[in-house]
Amino acid sequence: MRALGRAIGAIFSTVILLIVELILTVLVYTALNVYSFEFFGRLVRFAGSVLETMAALVERFFSGSSSTAYASLFGELGPKSMLLLLIGLVVAGVVRLLTSLVRALT
């Protein structure tokens, strides 16, 4: 019974963590767009170059699947979508680092 309770607690805390990360990611993206439009533009340009680099790597290492990747993934993603993904990764890393620090200190 105790293991089941811990498993349910772990699932619940993971879902809460994901929701917090999602909300913070959207807030950071929106705040950058609204309050620092020039910096946001530079970040979009950087995300576009990251996307182009990833596409070039897929073409180089998976040349047989590159058409499928363009049809399914790279054709749908734009620089702003890539920026949102990158911001989400950074926000998730920071949130998980903070939660790990809090758990270690308690």
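The values are calculated or read from the model by the stated rules, or taken from the named source; none is laboratory data. The structure presented is a predicted model; accordingly, all values stated were derived computationally and were not measured. All Cβ positions, glycine included, derive from the backbone under ideal geometry; neighbour counts span all protein chains shown. The area values use the complete protein model at the heavy-atom level, side chains included, leaving out ligands, DNA and RNA. Shrake-Rupley method; radii C 1.70, N 1.55, O 1.52, S 1.80 Å.
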Contour minus Cα-Cα span, residue 72 to residue 2, at 0.36 nm per residue, comes to 20.8 nm
With the 1.4 Å probe rolled over protein heavy atoms, the chain has an accessible area per residue in Å² of 75
Taking Cα atoms, the helix 37-61 axis meets the longest principal axis of the chain at an angle in degrees (rounded to 10) of 80
Listed residues 45, 60, 96; largest mean-square fluctuation, Gaussian network over the chain with Cα springs below 10 Å, found at 60
Quick shape check on the stretch 43-102: root eigenvalues a ≥ b ≥ c of the Cα gyration tensor, a/c under 1.5 is rounded, otherwise prolate if a/b tops b/c, else oblate, and it reads prolate
For the chain, averaging the sequence separation of alpha carbon pairs under 8 Å that lie six or more residues apart and dividing by its residue count, the contact order in percent is 35
Treating only Lys and Arg (+1) and Asp and Glu (-1) as charged, each at its beta carbon, one finds that the chain has a dipole about its Cα centre, in Debye to the nearest 20, of 440
Checked against the structure, the computed semi-axes √(5λ) of the Cα gyration tensor in Å among [x] 33, 22, 12; [y] 40, 19, 9; [z] 24, 22, 14 is the one labelled [x]
